[in-house]
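Novice: Below: one structure in structure tokens.
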Amino acid sequence: MTPVKERRKSFRDLFEHIKARLDELDNVRNRVLNDRRDLLSSCRRAMNLIHSGETSTAKEIATGIKKRIVEIERICLDSSDKETFCLINNVLRPIKQELVEVEILLSIIEGKSIPSPEDLGVGVVSYALGLADVIGELRREVLIAISNNNLDLANQFLEWMRVLVEEISQLAYPDSLIPIRHKIDVGRSLLDKTFSELLFYKTTGSLL
């Protein structure tokens, strides 16, 4: 049997290795979290620009976001370590989700084909969650169109809301795989509310 003193030293060496690795992961995490704050802010700025009609500037920002995501993901490519990959992937997911919102809303407004997950460089979970959130942004576009008395455009956006709700409602998976069930419920509620408001405006000439 190995002497107690020797076992303790061996354990201390093992523990120092674990702590050094955790310090390394924490440094990576802090770097990526700083980037995440900036990128989430950029995503929200792009979305506000879209709603203000400044789509060209929004597209420039979205392009910059995609480039920065690729740069961050290179950290994973430079490391075969699964912990680093999982850490960065988890930190990047909300950014990718908001990027999906921006890109899909832009494509709908500009009458272009909806980009795929591969087009945007995101996984299907981030894509589906972002797709669900587009419903709320389309509601904003409906209300903007109504305020401009552009009912044809309002109807187009409302139809897109209906299409997205129908599609995401098929994603009946457990939250452990994709936490989308609440978003589906919210999407349906927003669709019903927006339909009622548009119908009321057509009837009375004013919003609810």
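The values are calculated or read from the model by the stated rules, or taken from the named source; none is laboratory data. Note that the structure is predicted; figures quoted are calculated from it, not measured. A quick note on method: Cβ atoms are made from the backbone with ideal geometry, for glycine too, and the neighbour counts reach across all protein chains shown.
Novice: Looking only at segment 1-49, which residues are surrounded by 10 or more Cβ atoms within 10 Å (Cβ to Cβ), at pLDDT below 80 and basic (Lys, Arg)?
Specialist: 7, 8, 9, 21, 29, 31
Novice: Tell me the helices (runs of 4 or more DSSP H) entirely within segment 18-137 that contain at least 1 residues that are over 24 Å from residue 161 (Cβ atoms) and in contact with a Lys or Arg (Cβ under 8 Å, 6 or more places away or on another chain). Give the derivation first.
Specialist: On the way: elements: 55-77, 82-109, 117-120.
Because the criterion is at least 1 residues that are over 24 Å from residue 161 (Cβ atoms) and in contact with a Lys or Arg (Cβ under 8 Å, 6 or more places away or on another chain), the helices (runs of 4 or more DSSP H) in segment 18-137 that meet it are 55-77, 82-109.
Novice: Let me ask something additional. For the structure I just gave you, tell me whether residue 56 is modelled with pLDDT of 85 or more, hydroxyl-bearing (Ser, Thr, Tyr) and in contact with a Gly (Cβ under 9 Å, 6 or more places away or on another chain).
Specialist: no
Novice: Is at least one residue of segment 176-187 out of contact with any Ser or Thr (no Cβ under 8 Å at 6 or more places or on another chain), free of Cβ contacts under 8 Å to residues at least 40 places away in the same chain and either under 22 Å from residue 67 (Cβ atoms) or in a loop (DSSP other than H, G, I, E, B) (or both)?
Specialist: Yes, segment 176-187 contains at least one residue that is out of contact with any Ser or Thr (no Cβ under 8 Å at 6 or more places or on another chain), free of Cβ contacts under 8 Å to residues at least 40 places away in the same chain and either under 22 Å from residue 67 (Cβ atoms) or in a loop (DSSP other than H, G, I, E, B) (or both).
Novice: Might you check whether a residue that is hydrophobic (A, V, I, L, M, F, W, C) and under 30 Å from residue 103 (Cα atoms) occurs anywhere in segment 53-61?
Specialist: Filtering segment 53-61 down to residues hydrophobic (A, V, I, L, M, F, W, C) leaves 58, 61.
Next cut, under 30 Å from residue 103 (Cα atoms) only: 58, 61.
Yes, segment 53-61 contains a residue that is hydrophobic (A, V, I, L, M, F, W, C) and under 30 Å from residue 103 (Cα atoms).
Novice: Which count do you get for residues in segment 99-132 that are acidic (Asp, Glu) and surrounded by fewer than 22 Cβ atoms within 10 Å (Cβ to Cβ)?
Specialist: Here is the first cut: in segment 99-132, the residues acidic (Asp, Glu) are 101, 103, 110, 118-119.
Those still in the list that are surrounded by fewer than 22 Cβ atoms within 10 Å (Cβ to Cβ) too: 110, 118-119.
Qualifying residue count, segment 99-132: 3.
Novice: With respect to the numbered conditions (1) of a type in the set (Lys, Arg); (2) modelled with pLDDT of 95 or more; (3) surrounded by fewer than 14 Cβ atoms within 10 Å (Cβ to Cβ), which one is the sole condition not fulfilled by residue 183?
Specialist: (3)
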